[in-house]
1. Would you check which residues across segment 60-85 are surrounded by 11 or more Cβ atoms within 10 Å (Cβ to Cβ) and either within 15 Å of ligand 1 (Cβ to nearest atom) or among the small types (G, A, S) (or both) and list them?
2. Among the residues of segment 37-66, which ones are more than 12 Å from ligand 2 (Cβ to nearest atom) and among the aliphatic types (A, V, I, L, M)?
3. In the set Y66, Y54, Y119, Y82, which member is in contact with a Leu (Cβ under 7 Å, 6 or more places away or on another chain) and more than 22 Å from P148 (Cα to Cα)?
4. Out of segment 82-112, which residues are over 20 Å from S70 (Cβ atoms) and within 14 Å of ligand 2 (Cβ to nearest atom)?
Amino acid sequence: MMNWKKLTAIATALLIIAAVTTTAHAATWTVTQLTSNDYNDGNPHVSGSNVVWYGDNGNDSEIFFYDGTSTTQLTNNSCCEYTSDVSGSNAVWYGWDGNDYEIFLWDGTEIIQLTDNDYDDKDPQIDGDVIVWYGYDGGDNEIFMATPEPAALSLLAVGGLALLRRRRS
Ligand SMILES: [Ca+2]
Ligand SMILES: [Ca+2]
Ligand SMILES: [Ca+2]
Ligand SMILES: [Ca+2]
């Protein structure tokens with residue numbers, strides 16, 4: 001059986017380790033203010049050091065993207081963008097198209113509109129190259145998912161077919 005001295009020594013060692021770990025953990029966090037303006041910014045989402053959120057620029061809301069160094073305003077229109085999410089350099093949100101809400105994707109280069117219909121599409125989430133959201137189907141809300149079309153693979157397949165045809169002829 002373990003004696004009290006040993007038990008006390010082990011307990012003390014564990015407490016010291018816990019204290020050191022806690023102190024080290026707390027000391028590693030630095031708070032950086034990403035926005036400094038006169039309007040409301042909200043709904044931030046993060047992936048690595050990339051951050052996306054929407055802010056009211058005084059007229060309406062827009063989407064902002066912070067790449068770990070600087071902030072870029074992704075949208076600039078006269079209505080509303082909300083509920084953004086980010087994965088890597090891809091960002092998604094939903095915005096008003098003049099009639100109802102649609103889902104938009106920033107692929108690191110340009111804005112791509114993923115939906116184009118007459119009902120509301122909202123609350124997109126992105127992980128890798130899979131995007132999900134909910135949309136109204138005329139009766140109630142349904143869940144939708146978007147994945148990129150394998151354009152590179154299709155081109156390869158077409159190329160392969162052409163090669164086969166050439167060999168056969
Ligand atoms: Ca602000
Ligand atoms: Ca806007
Ligand atoms: Ca829509
Ligand atoms: Ca629409």
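1. Selection gives D60, S61, E62, I63, F64, Y66, T71, Q73, S84.
2. If the condition is that a residue be more than 12 Å from ligand 2 (Cβ to nearest atom) and among the aliphatic types (A, V, I, L, M), then V46, V51, V52 are the ones that fit.
3. Values: Y54 fails: in contact with a Leu (Cβ under 7 Å, 6 or more places away or on another chain); Y119 fails: in contact with a Leu (Cβ under 7 Å, 6 or more places away or on another chain); Y82 fails: in contact with a Leu (Cβ under 7 Å, 6 or more places away or on another chain).
Going through Y66, Y54, Y119, Y82 in turn, just one is in contact with a Leu (Cβ under 7 Å, 6 or more places away or on another chain) and more than 22 Å from P148 (Cα to Cα): Y66.
4. From segment 82-112, those over 20 Å from S70 (Cβ atoms) are 82-83, 85, 92, 94-105, 112; that's our starting set.
If the condition is that a residue be over 20 Å from S70 (Cβ atoms) and within 14 Å of ligand 2 (Cβ to nearest atom), then Y82, T83, Y94, G95, W96, D97, G98, Y101, E102, F104 are the ones that fit.
Residues checked against (1) assigned to a strand (DSSP E or B); (2) farther than 30 Å from T30 by Cα; (3) at pLDDT 95 or above:
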{"position": "G68", "(1), (2), (3)": "no, no, yes"}
{"position": "V86", "(1), (2), (3)": "yes, no, yes"}
{"position": "I103", "(1), (2), (3)": "yes, yes, yes"}
{"position": "N117", "(1), (2), (3)": "no, yes, yes"}
{"position": "I131", "(1), (2), (3)": "yes, yes, yes"}
{"position": "G138", "(1), (2), (3)": "no, yes, no"}
{"position": "M145", "(1), (2), (3)": "yes, yes, yes"}
{"position": "P148", "(1), (2), (3)": "no, yes, no"}
{"position": "L155", "(1), (2), (3)": "no, yes, no"}
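The values are calculated or read from the model by the stated rules, or taken from the named source; none is laboratory data. From a predicted model like this one, the values you see are computed outputs, not experimental measurements. Every residue, glycine as well, gets a Cβ built from its backbone with ideal geometry; the counts of neighbours run over all protein chains shown.
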